[in-house]
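Everything below concerns the one structure shown next.
The values are calculated or read from the model by the stated rules, or taken from the named source; none is laboratory data. Since this is a predicted model, take the numbers as computed values, not measurements. So basically every Cβ, Gly included, is an ideal-geometry build from the backbone, and we count neighbours across all protein chains shown. Accessible surface areas use protein heavy atoms only, side chains included; no ligands, DNA or RNA. Shrake-Rupley method; radii C 1.70, N 1.55, O 1.52, S 1.80 Å.
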Amino acid sequence: METVVLKWTEDNAGREAMRHAAELLKKGRLVAFPTETVYGLGADALNADAVARIYAAKGRPANNPVIVHVPDEASAAKLVGDWPSAAQLLAKRFWPGSLTLILPRASQVPDIVTAGGSTVALRVPAHPVALALLREAGTPIAAPSANRSTRLSPTTASHVMRSLRGRIDAILDGGPAVGGIESTVLDLSGPSACILRPGLISKAELEEVIGPVQDASRVVREGRKPMLSPGLMARHYSPHTPTECLEEGARERVESLKRDGRKVGLLCFGEPRAMPSATTQHAVLPADAGEAASGLYAALHDLDDAGLDLIVVEMPPKTAEWAAIRDRLRRAHSPGAELP
Ligand code: TXA
Ligand code: MG
């Protein structure tokens, strides 16, 4: 199949591109589109055949449910059995925005969307192009990140093209996704609210609105509960190039590998302390966690495309504001990070 790029612009041509993308979705086809976090791979969430195409295109395991995107809170409430007060409060505070809520599903949500489970994940994206597409299509849109399964998420249309060209019908190109990392996923279906995936909306911000929130990674680590969400799978969001994440000594590691004749790249955060030699392929992301998130995947995609033997990451600080970025970097880390 040929993947067409539909370019969103604020004129008639852009509106035509939007209409075309919406028509494809209504016909059960796959369209990647920008959100404020990363690009999503969209299909009509109420059409089981269309959602099946998402799994095929991504090579996504059938046990990993997808997020349903809706244009507003009222549309979300229609897809769940009950819309509790915690969801109401969170939606008022954070939607549209990068928070995904998990609740017991209503019967019209196809099994394939929830991977056969009893809950559904819902989110109102904050990107104007995503919202316009949802309104134009007039149906909830199921959309995981628009990348092959376990690989880096895309923040530009060209990242999507590299990963999914020939496997999807269209990409609605609305420019780079500025948030940069995926939404915070919060499970509201159990007795206490639990973060399944950290994101740019922090635990502290959620707790301001609904009180104490659990942290799934800790619950799982402490053996108090089995795996809750396949998105917690350790290896996820990874570059093809072996990737090694170090708390300390990253620059020294790079220099010593280079002396051994290896092609090594470095990713680091904040002001360079001791920059490796000019010939080292490197990316320095900002010292501010929000700004760093915005450029994280693009930096990893670029390093991944540079033909390196190894990517070395100097981890950012172990503080709350870096939690989501540290989570994604840990998942990008290759076991053992053996050199080829
Ligand atoms: O920012 C985002 O969330 C992006 C944009 C496109 O919205 N989407 C995204 O989707 O990251 P995906 O499929 O790559 O990640 C969704 C995560 C996965 O970890 C999945 O396992 C989890 O949410 N998830 C989805 N439905 C779930 C459910 N019913 N119960 C538990 N986890 C669920
Ligand atoms: Mg993903």
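Among the residues of the range 126-136, is there at least one that is of a type in the set (K, R) and within 16 Å of ligand 2 (Cβ to nearest atom)? If you could, list the steps in order and put the result at the bottom.
Let us first name the residues in the range 126-136 that are of a type in the set (K, R), namely 135.
Imposing the further condition that a residue be within 16 Å of ligand 2 (Cβ to nearest atom) reduces the set to none.
No, that holds for no residue.
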Completion exercise
Of the residues in the range 97-133, those that are in contact with a His (Cβ under 8 Å, 6 or more places away or on another chain) and among the charged types (D, E, K, R) come to R123
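Could you list, in sequence order, all residues of the range 146-157 that are within 12 Å of ligand 1 (Cβ to nearest atom), of a type in the set (V, I, T) and surrounded by fewer than 24 Cβ atoms within 10 Å (Cβ to Cβ)? Write out each step before concluding.
The initial filter retains those residues of the range 146-157 that are within 12 Å of ligand 1 (Cβ to nearest atom), namely 146-155.
Subset that is of a type in the set (V, I, T): 150, 155.
Passing the criteria: only T150.
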Exercise for the section: Would you check if there is a residue in the range 95-109 being closer than 16 Å to V66 by Cβ, modelled with pLDDT under 95 and either open to solvent by less than 10 Å² (accessible area, probe 1.4 Å) or within 12 Å of ligand 1 (Cβ to nearest atom) (or both)? Expected result: no
Completion exercise
Considering the range 188-197, residues that are in a loop (DSSP other than H, G, I, E, B) and open to solvent by less than 30 Å² (accessible area, probe 1.4 Å), and then whichever is farthest from ligand 1 (Cβ to nearest atom), we arrive at A193
Exercise for the section: Kindly check whether there is at least one residue in the range 169-187 that is open to solvent by 10 Å² or more (accessible area, probe 1.4 Å), out of contact with any strand residue (DSSP E or B) (no Cβ under 7 Å at 6 or more places or on another chain) and not in a loop (DSSP other than H, G, I, E, B). Expected result: no
Practice task
Could you check how many residues of the range 9-42 are out of contact with any Lys or Arg (no Cβ under 7 Å at 6 or more places or on another chain), in contact (Cβ under 8 Å) with a residue 12 or more places away in the chain and assigned to a loop (DSSP other than H, G, I, E, B)?
Solution key: 6
Fill in the blank from the handout: The number of residues in the range 293-307 that are surrounded by fewer than 20 Cβ atoms within 10 Å (Cβ to Cβ) and of a type outside the set (G, A, S) is 2
Practice task
Report, by residue number, each residue of the range 137-175 that is basic (K, R) and within 13 Å of ligand 2 (Cβ to nearest atom).
Solution key: R148, R151
Practice task
For the range 198-213, name all the residues that are outside any helix (DSSP H, G or I) and either out of contact with any strand residue (DSSP E or B) (no Cβ under 8 Å at 6 or more places or on another chain) or open to solvent by 60 Å² or more (accessible area, probe 1.4 Å) (or both).
Solution key: L200, G211, P212
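I'm checking my understanding of the structure. Among residues of the range 116-145 that are within 7 Å of ligand 1 (Cβ to nearest atom) and assigned to a loop (DSSP other than H, G, I, E, B), which one is farthest from H69 (Cα to Cα)?
G117
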Problem - Filtered residues of the range 236-262 (kept if away from ligand 2 (no atom under 16 Å from the Cβ) and among the hydroxyl-bearing types (S, T, Y)) - result: T241, T243, S256
Completion exercise
So, first residue at pLDDT 85 or above in the range 211-223, second residue in a helix (DSSP H, G or I) and open to solvent by 50 Å² or more (accessible area, probe 1.4 Å), Cβ within less than 7 Å, six or more apart or across chains; the pairs are V213/K203; V213/E207; D215/K203
Handout entry: Yes/no for S107 being within 16 Å of ligand 2 (Cβ to nearest atom) and either outside any strand (DSSP E or B) or among the charged types (D, E, K, R) (or both)
Key = no
Handout entry: Residues that are assigned to a helix (DSSP H, G or I), more than 16 Å from A142 (Cβ to Cβ) and either open to solvent by 60 Å² or more (accessible area, probe 1.4 Å) or of a type in the set (A, V, I, L, M) (or both), drawn from the range 47-90
Key = A74, A77, S85, A86, A87, Q88, L89, L90
